[in-house]
Amino acid sequence: MSEREQRIAALKDAAKKRILVLDGAWGAMFQRKGLEEDDYRGDRFKDHPGQMKGNNDILCLTRPDIVSDLYDAFYGAGADICETNTFSATVIAQADYDLGAEEVIAINRKGARLARAAADAWTEKEPDKPRFVAGSIGPLNKMLSMSSDVNDPGARSVTFDEVYDAYRMQIEALNEGGVDLYLIETITDTLNCKAAIKAIQDLEAEGMEKLPIWISGTITDKSGRTLSGQTVEAFWNSVRHAKPFAIGLNCALGADLMRPHIATLARIADTLVAAYPNAGLPNAFGEYDEAPETTAGMVGEWAESGLVNILGGCCGTTPEHIAAIAEAAKTAAPREIPERPRAMRLSGLEPFEVA
């Protein structure tokens, strides 16, 4: 077995023994640092046109010291898995900053290598608790399932091939950088997600090393649907062909509003269930006020109720939140994966099942 195969085997073994813990919010932590335009530019982009501030992924290249410090903070708080700082590292998203393929590939490779170095150091320090790296693959700022023009329902600002190519470039660079699994996350549009899945499967068919896939959707409000209109069960039916290592939800909602949707996934998914909610809902200033013990109390109940296999935090969650979540989940057994009767399960916006 290669070193990565050994790590993947260790990841799967750990998931059988305990509830795994993911890291928290990267954006919130960068905001705490009070970074300025020069931090984002560094020497490499000092003459680049336009504003770079706010492009957190570029910090992998311009302030790798800060990125590495955050890995240490989250791993030190008890995270088993940390994401790469590559949420928006595609040519489609980075076009907002006039960055192209060369920079995007560099961000993903460097982001993966920084995470790999931190995970390996923590594993060496605490060999009884190995650390893992999830390659963060975000939702894009353009959607395939929804019109870009309110007056033209058929209008699209991007094609499937363009989304596929963008994800393919990112995935290949993350794999080269040494991630242990892919995390297709904050999914608002299932068709975008399917493009990422196809990119992974095609690259693997061409000889790239196969890695586990974790898929995490987003329920945008109390309607219980993704932005592109699917219910949780319909979303699962749409992506289960990928045989993901884990399926779950993140972002948009706090733990209190997310619980019923996680319960649905816990009932229907024949794989691991993961959840990393926001620290409540944002206040009038867009900030998150929910205390670590409050978030941990709610997701700790999910753990005790047997709903989850992986817990973490999204917007507004800090290393303090992750430490509290890890403490709340440490004595709970991981959710048992249910056996469901064989059936043809289809989906549009709603699920459809034929026994």
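The values are calculated or read from the model by the stated rules, or taken from the named source; none is laboratory data. These numbers come from a predicted model, not from an experiment. Cβ placement follows ideal geometry from the backbone for every residue including glycine, while neighbour counts extend to all protein chains displayed. We work out accessible area using only protein heavy atoms, side chains counted, and drop any ligands, DNA or RNA first. Shrake-Rupley method; radii C 1.70, N 1.55, O 1.52, S 1.80 Å.
Just one of (1) under 29 Å from Asn192 (Cβ atoms); (2) in contact (Cβ under 8 Å) with a residue 12 or more places away in the chain fails for Gln31. It is (2).
Test Thr123 against the stated conditions and say whether it is within 19 Å of Ile8 (Cα to Cα), hydroxyl-bearing (Ser, Thr, Tyr) and more than 20 Å from the chain's Cα centre (by Cα). Yes; evaluated as a whole, the condition is true for this residue.
Residues in segment 127-153 that are open to solvent by 60 Å² or more (accessible area, probe 1.4 Å), part of a loop (DSSP other than H, G, I, E, B) and over 19 Å from Ile215 (Cα atoms): Pro127, Asp128, Met146, Ser148, Val150, Asn151, Pro153. Only one of the listed residues (Ile171, Ile219) is over 19 Å from Ala93 (Cβ atoms), open to solvent by less than 10 Å² (accessible area, probe 1.4 Å), touching a residue at least 24 places away in the same chain (Cβ under 8 Å) and under 20 Å from the mean Cα position of the chain (by Cα). That residue is Ile219. Gly306 meets all of the listed conditions (1) farther than 19 Å from Asp23 by Cα; (2) open to solvent by less than 20 Å² (accessible area, probe 1.4 Å); (3) part of a loop (DSSP other than H, G, I, E, B); (4) small (Gly, Ala, Ser) but one, namely (2). Of everything in segment 69-111 that's over 16 Å from Glu185 (Cβ atoms), not small (Gly, Ala, Ser) and not in a helix (DSSP H, G or I), which residue is most open to solvent (accessible area, probe 1.4 Å)? Looking at residues that are over 16 Å from Glu185 (Cβ atoms), not small (Gly, Ala, Ser) and not in a helix (DSSP H, G or I), I get Asp98. Being under 16 Å from Leu227 (Cα atoms) and in contact with a helix residue (DSSP H, G or I) (Cβ under 9 Å, 6 or more places away or on another chain) is the filter here; which residues of segment 145-166 pass it? If the condition is that a residue be under 16 Å from Leu227 (Cα atoms) and in contact with a helix residue (DSSP H, G or I) (Cβ under 9 Å, 6 or more places away or on another chain), then Ser145 is the only one that fits.
The set of residues in segment 225-283 being in contact with a Phe, Trp or Tyr (Cβ under 9 Å, 6 or more places away or on another chain), in a strand (DSSP E or B) and open to solvent by 10 Å² or more (accessible area, probe 1.4 Å) consists of Arg225, Cys251, Leu272. The residues in segment 14-34 that are surrounded by fewer than 21 Cβ atoms within 10 Å (Cβ to Cβ), assigned to a loop (DSSP other than H, G, I, E, B) and not small (Gly, Ala, Ser) can be counted, and the count is 2. Each residue in segment 35-68 was checked for being buried (at least 17 other Cβ atoms within 10 Å of the Cβ), in a helix (DSSP H, G or I), over 21 Å from the mean Cα position of the chain (by Cα) and not polar (S, T, N, Q), and 3 of them qualify.
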